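The structure appears below as structure tokens.
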Amino acid sequence: PLKSEAIAYWRKTAALDPLLAAGAYKMIGTQLHKMRRLDEAIVEYNRAMKIAPDLSGELYNNLALAYLNIGNHNMGKRIFKEGMERFPGEKLLLSNKHLFSGNGGGYPQGYQQQGGAGRVQQTGGFQKFDKVPPGATIVTGEADDPNFPIYLFYQGLHHHQAGEVDKAETFYRKHLEVTKQPMPDVYNNLSIILSQAGKLLEGREMWMKGIERDPKNEQLLNNKAYIFRAE
């Protein structure tokens, strides 16, 4: 109901004040996006973009994600590229860059054990989906955004891949705090961080929590020998 009321408010704003119409249409699109009414959200985002193509990088980010979520990868990539050209420093666009890398999108696989030498390597791969799942964040990482836990995971993964393990651990743990359905990859990646830091017992605890969530998770199973190696 609150989202519906917000949509009605912004529609009234768009009708009464042409100067605010572009922003109003963007806000309507954002509310529809949160409600998973993606086709309608795309219409509103495009209305905003037609009126004010330089409105904000957030508009390009949200429209690109909406296209990806309905399976229109080509249009999503095109909008993303236009957004990066107009707003090269937009944090939302930069945080979602991995979704538009040309590999079909999807959740990064995270980290897994390679071979038996005890060295953990980044796979660099992606699990492919016919449709990209709700990505990173559609607005600004607000706590009431239904995509906020995924946003936290991607932020953690970004820092993990950059070797900034302290920051990665912070985002992963925040993910665990805000959702009752944590992603198994978060447990996997946290178990790796803790194990590499010599916190073997805590790392094993994270691994076991992850396997409870998903007993067939490939990343966790691949890492079992490393996590439970002899001290």
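The values are calculated or read from the model by the stated rules, or taken from the named source; none is laboratory data. Because the structure is a prediction, the values reported are computed rather than measured. Please note: Cβ atoms are built from the backbone with ideal geometry, for glycine as well, and neighbour counts cover all protein chains shown. Keep in mind that these areas ignore ligands, DNA and RNA; they rest on the heavy atoms of the full protein, side chains included. Shrake-Rupley method; radii C 1.70, N 1.55, O 1.52, S 1.80 Å.
Condition first: free of Cβ contacts under 8 Å to residues at least 60 places away in the same chain, closer than 22 Å to F100 by Cβ, of a type in the set (K, R) and open to solvent by 30 Å² or more (accessible area, probe 1.4 Å). Can you find one or more residues in segment 3-10 that meet it? Let's see the steps before the verdict.
Here is the first cut: in segment 3-10, the ones free of Cβ contacts under 8 Å to residues at least 60 places away in the same chain are 3-10.
Those still in the list that are closer than 22 Å to F100 by Cβ too: none.
No, there is no match, as no residue in segment 3-10 is free of Cβ contacts under 8 Å to residues at least 60 places away in the same chain, closer than 22 Å to F100 by Cβ, of a type in the set (K, R) and open to solvent by 30 Å² or more (accessible area, probe 1.4 Å).
How about segment 19-36: which of its residues are over 18 Å from the mean Cα position of the chain (by Cα), open to solvent by less than 10 Å² (accessible area, probe 1.4 Å) and not hydrophobic (A, V, I, L, M, F, W, C)?
Once the filter is applied, which keeps residues that are over 18 Å from the mean Cα position of the chain (by Cα), open to solvent by less than 10 Å² (accessible area, probe 1.4 Å) and not hydrophobic (A, V, I, L, M, F, W, C), segment 19-36 yields only G29.
Would you pick out the residues in segment 183-207 that are surrounded by fewer than 20 Cβ atoms within 10 Å (Cβ to Cβ) and either closer than 21 Å to L152 by Cα or among the acidic types (D, E) (or both)?
Let us first name the residues in segment 183-207 that are surrounded by fewer than 20 Cβ atoms within 10 Å (Cβ to Cβ), namely 196-202, 204-205.
Of everything in segment 183-207, those that are surrounded by fewer than 20 Cβ atoms within 10 Å (Cβ to Cβ) and either closer than 21 Å to L152 by Cα or among the acidic types (D, E) (or both) turn out to be E202, E205.
If I go through segment 41-64 residue by residue, how many of them are buried (at least 24 other Cβ atoms within 10 Å of the Cβ) and over 23 Å from S4 (Cβ atoms)? Working first, answer last.
Pass one, segment 41-64, residues buried (at least 24 other Cβ atoms within 10 Å of the Cβ): 41, 44-45, 48, 59-64.
With the extra rule that they be over 23 Å from S4 (Cβ atoms), the set shrinks to 60-61, 64.
Final tally of qualifying residues: 3.
Is segment 66-74 home to any residue that is under 16 Å from the mean Cα position of the chain (by Cα) and under 21 Å from A21 (Cβ atoms)?
yes
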